[in-house]
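Let me begin by presenting the structure, written as structure tokens, before commenting on it.
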Amino acid sequence: MSLSEATASPLLRQPLLSDEDTARSRDRSRVHHARYNNRRWRLLWLLVGPGILAMLGENDGPSMIAYASDGAQYGLGFFVPVIPILFAMAYVVQEMCMRVGAVTHRGYGELVLQRHGRVWGWFGAGDLCLTNLVTLIAEFVAIRVGLAYFHLGPGVAVALGLVLVLFTLSGGRYWRWERTVLGLALFNGLFLVAAILVKPHVGSIVSSFSFTPLPGGSLNTLLLLMASTIGATVTPWMIFFQQSASADKGMTPKDVRHGRYDTALGAVLAGVFGVGALIAGAALLNHGLGIQGFAGAGFPAALSHVAGGAVGTVFALGLIEAGAVAILTISASTAYAAGECVGVSHSFNTSPRNAAVFYAANVGVSLLAGLVILIPGAPLLSIALNANVLATVLLPVSLVFVLMLANDRPLMGRWANRRSTNVVGIAVIVFVSICGAAYGIDSFLQSVHIIGS
């Protein structure tokens with residue numbers, strides 16, 4: 001072939017690197033420079049993100065209401081040590097997701113499609129979309145609850161959520177999106193501030209790590225709060241998000257160690273802030289209020305009444321932050337799943353013109369959820385708690401596929417799971433399945449009047 005023919009070839013006229021590849025290569029160049037020059041803290045700063053966002057994104061509005069409900073119903077006791085244990089479980093799951101994403105450079109939905117067929121791939125995406133939509137509705141509810149404390153209506157909540165989604169998408173880079181959301185996520189620490197402001201008895205907190213006092217009262221309420229608390233720490237969207245975000249960030253097997261630091265730090269922060277919400281909620285029990293009668297929206301006002309206006313204000317601001325960060329991360333997980341299953345571009349490093357499905361899914365699911373909360377008379381506390389319960393019920397399927405992908409030796413090579421990781425992973429699946437099934441069975445038996453409430 002002559003030089004003129006080669007020059008005229010459409011294939012050869014195409015750029016060797018896409019805009020997405022170019023953007024990612026710039027990020028990788030900084031990582032390489034930091035690693036080559038042994039700049040450890042700089043390297044850690046460049047590689048943190050997906051793990052912290054997955055964990056703090058899961059410290060969302062429904063989760064913090066669930067933790068506060070645990071405290072308001074049972075006080076400082078059984079659920080204080082349960083929350084760190086559940087985030088330890090979350091670390092095991094999310095470490096596998098990060099590792100699979102870094103090694104394969106593929107998202108969860110894409111790999112399930114490739115390795116286990118379209119039926120399971122689309123089932124996982126459908127599972128995700130259902131839980132994400134319900135959870136996003138609950139996130140807008142959380143923002144609405146927080147803003148209601150400042151006498152602002154649901155329309156402001158919807159506008160705020162959608163403006164944040166559009167703003168974070170406008171950067172055209174995964175790095176900018178991640179750093180913007182990461183900065184916002186750090187305000188999840190407001191729940192720890194609220195816990196300090198209620199002036200808890202330190203001895204009661206320490207003694208609660210003996211898992212006493214044990215919860216009493218209605219079994220169904222206990223199972224509801226237990227299932228909701230599990231759904232507040234490990235959910236399907238986290239699985240989709242962290243694996244896809246790790247791939248979108250351009251992580252490689254060399255980055256797995258720092259990915260573990262990132263995920264562990266996220267789990268520790270989320271656990272501490274979650275316990276903070278529980279301690280703040282326990283102030284309601286100490287004044288004989290419990291969770292009845294608040295309908296979700298009354299939590300900040302009730303805390304203001306029993307512990308002072310500063311506590312109510314901080315808790316309300318925390319709910320706004322928690323809902324906002326979760327809207328951004330959950331809508332991103334929906335967009336990743338949509339792009340991976342359809343087989344089109346699915347990266348924040350790609351322009352909206354070249355990744356129309358990705359960006360449309362990101363904005364569309366948030367818009368739909370926002371419109372739902374404008375319906376008058378929505379049962380706020382029920383939506384918030386049962387969003388997490390739904391995630392718990394549907395979670396085992398996603399966990400099974402995570403475990404299968406992490407054990408796929410032709411795919412993962414020497415990065416496949418160790419036996420100890422498999423033992424813990426299987427234990428997590430069994431535990432989540434039992435808790436979700438127990439609440440479902442108990443609720444069914446009550447509905448058909450076989451047992452009493």
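Quick note: the coordinates plus some simple rules give every number you see, no bench work behind them. Everything numeric here is computed off the predicted structure, so don't read it as measured data. Note that each Cβ is placed from the backbone with ideal geometry, even for glycine, and that neighbours are counted across all protein chains shown.
Please identify the DSSP H helices in the chain that span no less than 15 Å along the helix axis (Cα) and have a mean Kyte-Doolittle hydropathy of 1.0 or more.
Span-like helices here: 79-104, 118-148, 154-169, 219-231, 256-286, 309-342, 356-372, 380-406, 419-447.
Looking at region 34-137, which trypsin sites (Lys or Arg not before Pro) are in a loop (DSSP not H, G, I, E or B) and have at most 13 other Cβ atoms within 10 Å?
Values: sites: R35, R39, R40, R42, R99, R106, R115, R118; in loops: R39, R106.
Of the trypsin sites (Lys or Arg not before Pro), the ones in loops of region 34-137 whose Cβ has at most 13 other Cβ atoms within 10 Å are R39.
So how much slack lies between H32 and K254, counting 0.36 nm per residue of separation and subtracting their Cα-Cα distance, in nm? Don't skip to the end; give the middle numbers.
On the way: separation 222, 0.36 × 222 = 79.92 nm, distance 1.02 nm.
Result for the pair: 78.9 nm of gain on full extension.
Let's see if you can work this out: charge +1 on each Lys and Arg Cβ, -1 on each Asp and Glu Cβ, no other charges. What is the dipole magnitude of the chain about its Cα centre, in debye to the nearest 20?
Roughly 1380 debye for the chain.
Go ahead and collect, in residue order, the members of region 86-105 whose backbone nitrogen is under 15 Å from a label point 7 Å along the Cα-Cβ direction of R414.
103
Relative to the present Cα-Cα distance, how much length would full extension add between H105 and L374 at 0.36 nm per residue of separation?
Once the chain is fully extended between H105 and L374, it gains 92.9 nm.
A427 to T180: extension gain in nm, 0.36 nm per residue of separation minus the Cα-Cα distance?
85.4 nm
Could you compute the FRET efficiency for M404 and V268, with r as their C-beta to C-beta distance and R0 at 35 Å, rounded to 0.05?
Working: r = 28 Å, r/R0 = 0.80.
So, using R0 = 35 Å, E works out to roughly 0.80.
Please give the calculated 222 nm ellipticity per residue for the chain, where each DSSP H segment of at least 4 residues contributes -39500 (n - 2.57) and the sum is spread over every residue; nearest 500 deg cm²/dmol? Please report the intermediate quantities before stating the final value.
Values: 22 runs with 345 residues, N = 453.
Helix-only estimate at 222 nm: -25000 deg cm²/dmol.
Can you compute the modelled spin-label distance between H151 and V202, with each label point 7 Å from Cα toward Cβ, in nm?
4.0
I'm spelling it out carefully: the read-out is Kirkwood radius over Cα pairs in Å, the candidates are (i) 22.4; (ii) 25.7; (iii) 23.1, and one was derived from this structure. Which label?
(i)
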